[in-house]
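The values are calculated or read from the model by the stated rules, or taken from the named source; none is laboratory data. In this text the structure is predicted, and so the values were computed from the model without any measurement. Here the Cβ is made from the backbone with ideal geometry for all residues, glycine too, and neighbour counts use every protein chain on show.
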Amino acid sequence: MSRHLSLSPLSEVSSTSFSKIRLIATDMDGTLTRRGKFTPALLQALEDLAAADIKVLIVTGRSAGWVSGLSSLMPVAGAMAENGGLYFPPGNHKPIVLTPIPDLVQHRQHLATTFENLQTKFPQIQESADNRFRITDWTFDVAGLREDELQILNNLCQQMGWGFTYSNVQCHIKPQGQDKAMGLLQVLRKYLPDYSPEQIVTVGDSPNDESLFDRRYFPVSVGVANVLEYADKLQHQPAYITAAAEGDGFCELSSYILQSFQIPN
């Protein structure tokens, strides 16, 4: 039996399950975007959530440089970059580094060496264009890599003392223990302490979002429909799944939360 059959469709969930939600921690690529772009419907959903005082925190694998500019232009309550490596508070362009890095220059050199070692076994892999804007991790394009090759890359990184994950866009060489869940828990503890677990919903679509689906930390999690592509590969799966894919799925979730949420008179 396929593992994804255990996922509960959002449409079949009692609205009371989402009536307490006050914070949405969401992935970006493939979760907020549709075919790589933001849609007018998505931007309207973010505005509607903000008007209802439901905060949205972006939790992405994108680079610090990329997130710094984009998050300041969107109606969101801050953003995390590099899969839990950094946090950009709202209205602040200076990131807070969540992963301790004593020597940044040496750290980048070690990441570059690790990537070069991977290239000796996978000469086709290409450094991602945004890698020069990164602080904590190193990325290369995921396109063209098979599942078995991704597992080999993961094993090689582990042997060299690094963590590894991938999304629908990139592969990430990262410090061990750095993931979206650990970064989000740190941000919640230090900067957003007023939110309890039942007031938070985590949202994603791919393997680098898997830690956000860990019900030990986040009991309410949602995968947009395209997560089914990876469902059999995820140890932790979302509690619920939308009918629509990508950004349309996030809009579906947004509407569901807003319908469940009663704004005081």
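State whether one or more residues within segment 71-82 are charged (D, E, K, R) and at negative phi.
Initial filter on segment 71-82 (charged (D, E, K, R)): 82.
Keeping just the survivors that are at negative phi gives none.
No, that holds for no residue.
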Subject >> Criterion violated by Asn117 - all others in (1) on the phi < 0 side of the Ramachandran plot; (2) in contact (Cβ under 8 Å) with a residue 60 or more places away in the chain satisfied >> reply: (2)
Subject >> Single unsatisfied condition, Val142 versus (1) free of Cβ contacts under 8 Å to residues at least 60 places away in the same chain; (2) under 27 Å from Phe250 (Cα atoms); (3) assigned by TED's automatic domain parsing to the domain that holds Thr120; (4) crowded, with 22+ Cβ neighbours inside 10 Å >> reply: (4)
Original post:
Of the conditions (1) β-branched (Val, Ile, Thr); (2) modelled with pLDDT under 95; (3) not in a loop (DSSP other than H, G, I, E, B), Val76 fails just one. Which one is it?
Top reply: (3)
**OP:** Collect the residues in segment 129-163 that are over 21 Å from Gln106 (Cβ atoms), among the polar types (S, T, N, Q) and out of contact with any Phe, Trp or Tyr (no Cβ under 7 Å at 6 or more places or on another chain), keeping them in residue-number order.
**Re:** Gln151, Asn155
**OP:** Specify the residue that is surrounded by the fewest Cβ atoms within 10 Å (Cβ to Cβ); the eligible residues are those in segment 241-265 that are outside any helix (DSSP H, G or I) and modelled with pLDDT of 95 or more.
**Re:** Ala243
Original post:
Is segment 169-179 home to any residue that is of a type in the set (Lys, Arg) and surrounded by fewer than 18 Cβ atoms within 10 Å (Cβ to Cβ)?
Top reply: no
Original post:
Of all residues in segment 20-41, which are of a type in the set (S, T, N, Q) and closer than 30 Å to Arg189 by Cα?
Top reply: Thr26, Thr31, Thr33
Original post:
What number of residues within segment 109-125 are touching a strand residue (DSSP E or B) at 6+ places or on another chain (Cβ under 8 Å) and over 19 Å from Glu147 (Cβ atoms)?
Top reply: 4
Subject >> segment 207-240, residues that are in a helix (DSSP H, G or I), acidic (Asp, Glu) and under 14 Å from the mean Cα position of the chain (by Cα) >> reply: Asp209, Glu210
**OP:** Working carefully through the options Gly65, Gly61, Gly84, Gly30, find the one that is assigned by TED's automatic domain parsing to the domain that holds Ser196, in contact with a Phe, Trp or Tyr (Cβ under 6 Å, 6 or more places away or on another chain) and surrounded by 13 or more Cβ atoms within 10 Å (Cβ to Cβ).
**Re:** Gly65
